[in-house]
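Visitor: Below are the structure tokens for one structure; questions will follow.
The values are calculated or read from the model by the stated rules, or taken from the named source; none is laboratory data. Note that the structure is predicted; figures quoted are calculated from it, not measured. So basically every Cβ, Gly included, is an ideal-geometry build from the backbone, and we count neighbours across all protein chains shown.
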Ligand code: SF4
Ligand code: SF4
């Protein structure tokens, strides 16, 4: 498998208005037993990205995961940590590097993260002083064995919010633009190729212990990787025409064999403004997945629609224009 993305915690020191998985102070984290079971059930992989939430809010579980990953994959394995960087200091960085982290991805360079001012300079100085080399997001150099690297990125409209995250607080707060032509499903982070073993585009996303074909996450997960091997979970879904359509990055075709034609799906995508919202509708209305059937990770993504956004859109707009 090319890449495994694991958000092992939804706990965060921040409460960003654009967060796609409802991470927050006090959010859920896998238990120590679940963490070790997940690592045990992962297959050989090209890289493992640990994310959240903010992984550094859970240092003990993170350390356990890093040790278990080190035992499983060995030294020099492309182990990456995605962090907002707020809690990264000399001591925590040293522990991460000693535990085998090869790449640090600072994912907070945008208008929505509260502590962004001056942070890039502080972190660049810290990381460079420890011998890490800055690379661009997506640069193949960040996978060079034995070389430790870091990158900065954030939720900019072109990279992240352009029709991508119809999820979590980003959806609730109306951040991101409706774009029915933006087919995230056929891009990296979408479902394209998730079943294609050996393909360079294969990535699986895990939220807590629930497995998804894509980062946005479907209403129904593929399975629980704390309970069974990831390969077994994927194998169970290979013959399903719906998952095959998503594997082609073609959500408009996900219901064809169930009698929901692509023309109807394309119309609904246009009306809903986003392919993932159509995908959600299909699961609920045509596949009979009720809210109560949803996996544990989805339960951890509560409907916060009745809560007032913490950051009003006017203030957000002004933050964005000053950045
Ligand atoms: S976007 Fe990142 S930093 Fe902000 S609440 Fe979500 S996980 Fe935390
Ligand atoms: S359309 Fe469905 S499977 Fe594809 S990226 Fe969106 S939520 Fe995932």
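Visitor: Kindly provide the set of residues from segment 96-131 that are assigned to a helix (DSSP H, G or I) and under 20 Å from residue 147 (Cβ atoms), ordered by number.
Guide: 96, 97, 98, 123, 124, 125, 126, 127, 128, 129
Visitor: Tell me which of these residue 112 doesn't satisfy, since it passes every other one: (1) under 14 Å from the mean Cα position of the chain (by Cα); (2) crowded, with 23+ Cβ neighbours inside 10 Å.
Guide: (1)
Visitor: Among the residues of segment 250-277 satisfying the criterion of being part of a loop (DSSP other than H, G, I, E, B) and surrounded by fewer than 21 Cβ atoms within 10 Å (Cβ to Cβ), which is modelled with the lowest pLDDT?
Guide: Ranking the qualifying residues of segment 250-277, first place goes to 273.
Visitor: Further, regarding this structure: Identify, by number, the condition in (1) surrounded by fewer than 23 Cβ atoms within 10 Å (Cβ to Cβ); (2) part of a loop (DSSP other than H, G, I, E, B); (3) within 22 Å of the chain's Cα centre (by Cα) that residue 234 doesn't meet.
Guide: (2)
Visitor: Hey, among the residues in segment 14-35 that are in contact with a helix residue (DSSP H, G or I) (Cβ under 7 Å, 6 or more places away or on another chain) and over 25 Å from residue 111 (Cβ atoms), which one's nearest to ligand 2 (Cβ to nearest atom)?
Guide: Per the criteria, the residue is 30.
Visitor: Regarding residue 138, is this residue at positive phi, away from ligand 1 (no atom under 13 Å from the Cβ) and either in contact with a strand residue (DSSP E or B) (Cβ under 8 Å, 6 or more places away or on another chain) or modelled with pLDDT under 95 (or both)?
Guide: For residue 138, the condition - at positive phi, away from ligand 1 (no atom under 13 Å from the Cβ) and either in contact with a strand residue (DSSP E or B) (Cβ under 8 Å, 6 or more places away or on another chain) or modelled with pLDDT under 95 (or both) - is met.
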